[in-house]
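In what follows, a single structure is set out as structure tokens and then discussed.
The values are calculated or read from the model by the stated rules, or taken from the named source; none is laboratory data. Nothing here was measured: the structure is a model prediction, and the numbers come from that model. Cβ placement follows ideal geometry from the backbone for every residue including glycine, while neighbour counts extend to all protein chains displayed. The area values use the complete protein model at the heavy-atom level, side chains included, leaving out ligands, DNA and RNA. Shrake-Rupley method; radii C 1.70, N 1.55, O 1.52, S 1.80 Å.
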Amino acid sequence: MNFDRLQVNPELRNKWQAIDMGIALARQWYWPLLLAWVIPVLIVSIPFAIIDSTFITLLPLIIWWLKPLFERLPLLYLSRYLFGEFARPKMTLKGWFRLYTFDAFAALTWRRLSVCRSFTLAITVLEKQKGHARAERRRLLGRSTNRAATWLTITLIHAEMFLLFGCVSLVVLFIPEQVDINYDTLWSIIENPTVIEYVYTFLYFISIAIITPFYVACGFYLYINRRIELEAWDIEIQFKQCAESRLQNARKQQNREKQKRHLPDLTKVRSIITAIIPTLGTMLIGGLLLLPAAAIAEEPTPKYALLQESSDSSTTSSTTSRKTLSTPDAQIPPPEESQTLWRSDADATLDTKERILSILESPPFVIEKEVHHWKPKTSNGIVKTIREKIISAILSLLSLLGAPSNRIDIALFVEILLWGLVIAIIGLILWHFRHHFEGLIAPKSKSLSPLESDIPDTIMGMKVTQESLPTDVIGTIQSLLSTNQLKEALSLLYRANLHDLAHRHHVSLKSWCTEMECAQLAQASCPAPIASYFTALTHCWLQLAYGHHLPDKSKILSLANDWSNLQHSPPQVLDHGASQ
């Protein structure tokens with residue numbers, strides 16, 4: 001991606017500002033996006049309308065069902081326009097076929113009713129992801145954007161309905177009150193179903209065509225905004241601008257040094273001229289005085305001879321000047337010196353990119369999780385026995401239904417299979433979205449203790465397990481303070497508080513949480529005294545860890561005593577309703 005040609009300012013926006021930016025993009029390139037959607041729809045719709053008028057009834061349903069495919073070409077055009085490629089994309093027939101058939105079956109079946117389609121469409125069309133890779137990419141991008149994409153779909157669906165009803169009302173409003181209408185003829189026309197279906201299909205086509213560019217553009221910029229948040233495009237652009245400014249300044253400095261190297265010193269030239277001019281003048285005067293009188297009295301040469309001599313002298317002087325210009329005094333230095341600074345900056349840029357990539361490939365940006373699941377054995381004997389059992393069950397079911405030659409019995413068997421398939425699909429959908437129903441069936445209580453496996457052993461690089469802490473934390477802190485080991489004493493107190501929050505007050509701390517995130521979680525899950533105490537301890541720890549400011553011994557001792565008093569008090573459960 002060429003960020004230099006990006007048509008928008010790549011700054012991080014919230015979700016609703018990103019939707020507003022998508023509306024601005026749709027208004028900027030509305031007509032190309034509209035044509036990119038209308039032309040494929042007409043190519044598909046016109047044959048249905050011409051071949052048989054009975055297909056016109058199904059045409060709105062076909063347009064609606066194929067909307068995920070029709071929205072791919074406007075998205076492709078918009079992505080090119082956003083990065084400054086305003087020429088029409090040249091694609092072969094194979095390219096068009098890939099555009100509309102890539103992962104089309106999934107887009108038209110189990111993902112057809114997805115309310116985040118505008119947001120996830122770029123993953124399929126632009127990133128060419130499908131299957132497990134697409135699911136992981138969608139999970140990463142949609143962690144904080146699915147809600148905005150869902151409300152975008154709901155809002156624009158209602159906008160399409162309002163436009164459809166508005167078009168019908170507009171036709172009625174254009175009929176003047178003074179016009180005498182023959183209602184018998186009007187009702188006879190309306191009772192013809194073909195006319196109504198054509199009118200409804202046309203109005204439905206117009207309403208979708210008006211809304212689709214805004215739908216595609218808003219979902220696409222939600223995707224771009226999420227990419228900016230994850231990949232820090234704005235920071236990368238700032239780095240590139242800094243590198244370019246450094247290169248330009250280095251080139252200017254190098255050109256100045258070259259000019260200084262080739263230009264002669266004016267003071268030296270001036271001294272040489274002032275020394276040569278008197279000598280030349282003296283020699284000229286002496287030569288004129290030494291000329292004999294006969295040479296002065298000679299016959300003047302003809303005019304044409306003087307002209308020829310002057311032309312010869314001018315040609316010789318010009319040739320000599322050209323020779324001197326063609327062979328300069330000093331050669332241009334080799335380009336190795338001019339490329340040294342460029343190579344050093346390029347190496348520094350490559351090292352910076354490698355460091356950034358190494359940081360992004362390590363925690364907390366990459367979360368490794370161990371997953372256990374059941375896997376069937378691939379033994380040939382077990383597969384064979386299972387296959388035989390399935391075949392015997394089918395044969396027994398057929399024997400119960402009767403002779404297979406009877407078409408009614410075969411149709412009944414197929415109907416049973418189809419209903420079983422429908423029930424299985426519904427069960428799979430409910431199982432896939434089971435996490436959304438857990439809150440409705442059995443709401444989770446925030447006061448329940450988490451699993452021991454969810455509590456991390458290390459937070460911010462510090463061990464918070466019971467084994468890493470001494471038995472008498474307060475006594476150890478006092479002994480460390482007596483030997484003026486203030487940093488170790490405060491570190492032990494902070495780690496003991498983190499262990500207490502995770503195990504005693506059941507705060508869901510993670511290994512990648514920062515100090516302020518731990519304080520926010522404590523405020524949300526702990527009673528007010530414990531939350532205020534941990535906030536004060538966090539500020540004291542931040543001053544030591546990042547500001548290198550050692551607190552007073554009395555302050556650390558008072559924090560330790562306060563924690564000891566809180567330890568002896570019974571644990572309390574935060575009343576979220578009262579706090580709200």
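The residue pairs whose first member lies in the stretch 551-565 and is open to solvent by less than 50 Å² (accessible area, probe 1.4 Å), whose second member is β-branched (Val, Ile, Thr), and whose beta carbons are closer than 6 Å, counting only pairs six or more residues apart or on different chains, are Ala560/Ile474; Ala560/Ile477; Ser564/Ile474.
Take the residues of the stretch 46-68 that are modelled with pLDDT of 80 or more and open to solvent by 20 Å² or more (accessible area, probe 1.4 Å): which is farthest from Ser207 (Cα to Cα)? Restricting to residues being modelled with pLDDT of 80 or more and open to solvent by 20 Å² or more (accessible area, probe 1.4 Å), the top hit is Pro47. Scan the stretch 228-242 for residues that are under 14 Å from Arg5 (Cα atoms), open to solvent by 70 Å² or more (accessible area, probe 1.4 Å) and among the charged types (D, E, K, R) and the total you get is 1. Pairs are defined by a Cβ separation below 9 Å, a sequence spacing of at least 6 or placement on different chains, a first member in the stretch 22-45 that is open to solvent by less than 30 Å² (accessible area, probe 1.4 Å), and a second member that is outside any helix (DSSP H, G or I) and at pLDDT 90 or above; the pairs so defined are Trp37/Glu71; Pro40/Leu66; Val41/Leu66.
Taking residues in the stretch 517-534 that are open to solvent by 70 Å² or more (accessible area, probe 1.4 Å), and partners anywhere that are of a type in the set (A, V, I, L, M, F, W, C), the pairs with Cβ atoms closer than 8 Å and at least 6 places apart or on different chains are Gln523/Ala531; Pro529/Leu566. Only residues that are over 21 Å from the mean Cα position of the chain (by Cα) and either over 24 Å from Arg5 (Cβ atoms) or open to solvent by 40 Å² or more (accessible area, probe 1.4 Å) (or both) were counted in the stretch 74-104, giving 16.
Table: residues versus (1) β-branched (Val, Ile, Thr); (2) in a loop (DSSP other than H, G, I, E, B).
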position	(1), (2)
Ser79	no, no
Phe86	no, yes
Val115	yes, yes
Thr120	yes, no
Ala133	no, no
Glu136	no, no
Ser144	no, yes
Cys167	no, no
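Of the helices (runs of 4 or more DSSP H) lying entirely inside the stretch 25-73, those carrying at least 1 residues that are over 20 Å from Glu160 (Cβ atoms) and under 28 Å from the mean Cα position of the chain (by Cα) are 30-51.
Only one of the listed residues (Leu509, Leu537, Leu544) is more than 36 Å from the chain's Cα centre (by Cα) and surrounded by 19 or more Cβ atoms within 10 Å (Cβ to Cβ). That residue is Leu537.
Among the conditions (1) at pLDDT below 85; (2) within 39 Å of the chain's Cα centre (by Cα), Leu498 misses just one, which is (1).
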